[in-house]
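Here the structure comes first, spelled out in structure tokens, and everything after it is commentary.
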Amino acid sequence: MAGAADAVRTPPRPPAAVTSGRVPRLVGAKLQRPATALALLALAMATAATWLLLAGRGLAFHGDEIFYYANLITRDGVTAPVYGVEYLFAPHNGHLVLLGRVVYEALFALGGGDYGVFRVAGVLGVLACAGLFFAFAVRRTSPLIALALAILLCFFGYANETLMWPFDLHTTYSAALGLGALLALEREDRTGDILGAVLLVLSVLTLEVGLAFVLGAAVLVLQRPDRRSRLWIFLLPLALYAAWWLWARQFHQPSEVVFANIRLVPYELSNALGAIMGCLTGLNPSGDGSPANVVGVTAGGMVLAGFAVAGLLYRVRLGNVPPTLWAFLATAIGYWLTMTAAARAPDSTRYVFVGALLVLLVAVDAIRNVRFGAAATAGIFVVVALAIPANVQKLYDGRSYELDVSRASGSEYAMLELGRPHVNLDYNPSADPNVQEAGGTLSTAINARDYFAAADRNGSMATPLDQLREESPDLRQIADATLVGALELAAAPASAPADPAGCPTVLDASKADVAYFELPRGGALLGSRGAAIDLGASRFNRAQESVPVGQIPARGWVELRIPPDAAPDPWWAVVDAPVYVCPLP
């Protein structure tokens, strides 16, 4: 009997997890948890922050940052340093940038001229926007889809200027504060209303990007039955901005807003959406031949933009549209309208980050509560994965440009500091034709007097001389041109020495083959042995190019006096005809 019983006994069952596929389902369930997605996003943010900070090594202050470095404002077309409350509230290119200036002042107090501190602050603004987007998205769609789109924002290299240049923290901080305001208003209670209004005020005080979020908040408030008691939420920031705008007119800075540009709205809106769709999918050009600061508008991007608009219209037609969808849409349109009014290119790398952020917010609100299967979720991750390499490349396109500008600026400031005891305090490298011809910075005017005052207060922006000596010939030429201009080196008419024949001579010089020779420390008395001579000088760019410092007349004499400084590098003269080189009297 025992044997018969054994014959019909059911064999032991394998573990259920192996036979039923519960392990994959359990893994999938864990991944779909908001906490898991948030942990993965934190890891992606840390990776993105590390990447951006490493990619930004070598960058330095340039462009509009110089206004903050030297506390410069422009009034009636004259740029000069101003301090205190007036500096904080004064317009910059017509913009209200109060909190941006406060942040920069705090960072100067914290790190002096250490640009890494500013780079960290800029990266934090980008990550804050990505994190707040995730907070919105995870409430509307699956945590994995929210994660995928937030990761794309962390690595959104088409917005290279926003990701690389700390000055664009105005944009990211204003957007983050605006997002925080809309998130607070979703509470629909008194605390959320107060917090939302405060954040909207702070957003507007950072940059006018905040006005687009004020418009979104207004749309959100006006859809509620208690709208009359809540109008103050968006009217308060509008009133404060209007009061500032009236006060700021005394500076007579030209307005960038041209209302005649309203005719461009349909064209610009379509281009803005097309550019952003191309960036989100990695279809826009990058790499060799791609402009560093333009993302372009491609056929693929425009096709995707058409599908996006069609999908949005279909969603509206279905009805039961969530109020936040109208708010996000109003914010996006408001943002693009401000760019159109100011004739700003919608495909500039400076403007696509906020545009992409708002497009994604509209998208996740439009698909609210739509259940996505594993295949659809995987498809979104594939699209993001394919888009990231092009985004990474585009960031490095912009990095090359930022490095060039940073190094040129650092070379100029190094020469101002080197010649400081003897520099003409009114000298401005950006206005020097020789610096311009060498490829020096042209975007921001700051004279030596204002630079020295700012350097004493905030720390140096100069490239160290040891590093400058290793830079490319182009950068060393910028340095030489700056030093010649700052010291006002120029050949001055002089009398011949008593015995010119006793002076050393340079004979192997001609128009076809110029000669370089080391000048005595302090300069020299130079005389023509026959024809007129074009005289140039170089120091750090020896035997490459020279900076014109005048002409020696035929059979005439000039003196070239060079004040001493702390650098051991000798000065070199460049001539195109035989010349006498005598000690200065």
Quiz prompt | For the chain, calculated [θ]222 nm from helices alone, where every DSSP H run of n ≥ 4 adds -39500 (n - 2.57) | solution = -18000 deg cm²/dmol
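With a 10 Å Cβ neighbour count serving as the proxy for reagent exposure, in which order, fewest first, do Glu161, Glu186, Glu470, Glu417 appear?
Values: Glu161 23, Glu186 16, Glu470 9, Glu417 20.
Going from least to most buried by this count: Glu470, Glu186, Glu417, Glu161.
Take the Cα atoms of the stretch 402-486, build their convex hull, and give its volume per residue in Å³.
Numbers: hull volume 7.3 nm³, N = 85.
Spread over its residues, the Cα hull of the stretch 402-486 gives 86 Å³ apiece.
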Quiz prompt | Cα-centre dipole for the stretch 402-486 with unit charges at Cβ (Lys and Arg positive, Asp and Glu negative), debye to 20 | solution = 240
Quiz item: Using 1/(1 + (r/R0)^6) with R0 = 45 angstrom and r between the beta carbons of Trp232 and Ala492, what's the FRET efficiency to the nearest 0.05?
Solution: 0.05
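Return the FRET efficiency for the residue pair Phe517, Ala343: r is the Cβ-Cβ distance, R0 is 51 Å, and the value is rounded to the nearest 0.05.
On the way: r = 53 Å, r/R0 = 1.04.
Between Phe517 and Ala343 the formula returns 0.45.
Relative contact order of the chain, please, whole-number percent, based on alpha carbon pairs below 8 angstrom and at least 6 residues apart. Provide the component values of the computation, followed by the final result.
Details: 977 pairs, mean separation 82.1, N = 585.
With pairs under 8 Å counted, the relative contact order is 14 percent.
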Quiz item: Tell me, Tyr314, Tyr241 in order of fewest to most beta-carbon neighbours within 10 Å?
Solution: Tyr314, Tyr241
Quiz prompt | Which label in (i) 85, 66, 44; (ii) 131, 78, 44; (iii) 106, 52, 50 gives the computed Cα extents along the principal axes in Å | solution = (ii)
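Would you order Trp247, Trp51 from fewest to most other beta-carbon atoms within 10 Å of each residue's own beta-carbon?
Numbers: Trp247 12, Trp51 17.
So the residues, fewest neighbours to most, are Trp247, Trp51.
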Quiz item: Between the stretch 112-141 and the stretch 168-182, what's the alpha-carbon centroid distance in Å?
Solution: 9
Practice problem: Please report, in cubic angstrom per residue, the volume enclosed by the convex hull of the alpha-carbon atoms of the stretch 36-130. | Solution: 111
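So if I place +1 on the C-beta of Lys and Arg and -1 on the C-beta of Asp and Glu, and nothing else carries charge, what would the dipole magnitude of the stretch 30-401 be about its Cα centre? I want it in debye, nearest 20. Spell out each step's value before the answer.
Values: 24 positive and 20 negative charges, 232 e Å.
So the dipole magnitude of the stretch 30-401 works out to roughly 1120 debye.
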Exercise. Check the cysteines of the chain one by one and keep only those with no other cysteine Cβ under 4.7 Å from their own.
Key: Cys129, Cys154, Cys279
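With charges set only on the Cβ (+1 for Lys and Arg, -1 for Asp and Glu), what does the dipole of the stretch 29-157 come to about its Cα centre, in debye to the nearest 20?
Working: 8 positive and 6 negative charges, 157 e Å.
The dipole magnitude comes to about 760 debye.
I'd like the projected area of the stretch 489-582, averaged over all directions, using the convex hull of its alpha carbons. Report it in nm² with one decimal. It would help to have the intermediate numbers written out before the result.
Numbers: hull surface 22.3 nm².
Averaged projected hull area, Cα only: 5.6 nm².
Each reported figure results from applying straightforward, stated rules to the coordinates on display, with no laboratory input. All values derive from a computational prediction rather than experimental measurement. Counting neighbours? That spans all protein chains shown, and the Cβs are built from the backbone with ideal geometry, glycine included.
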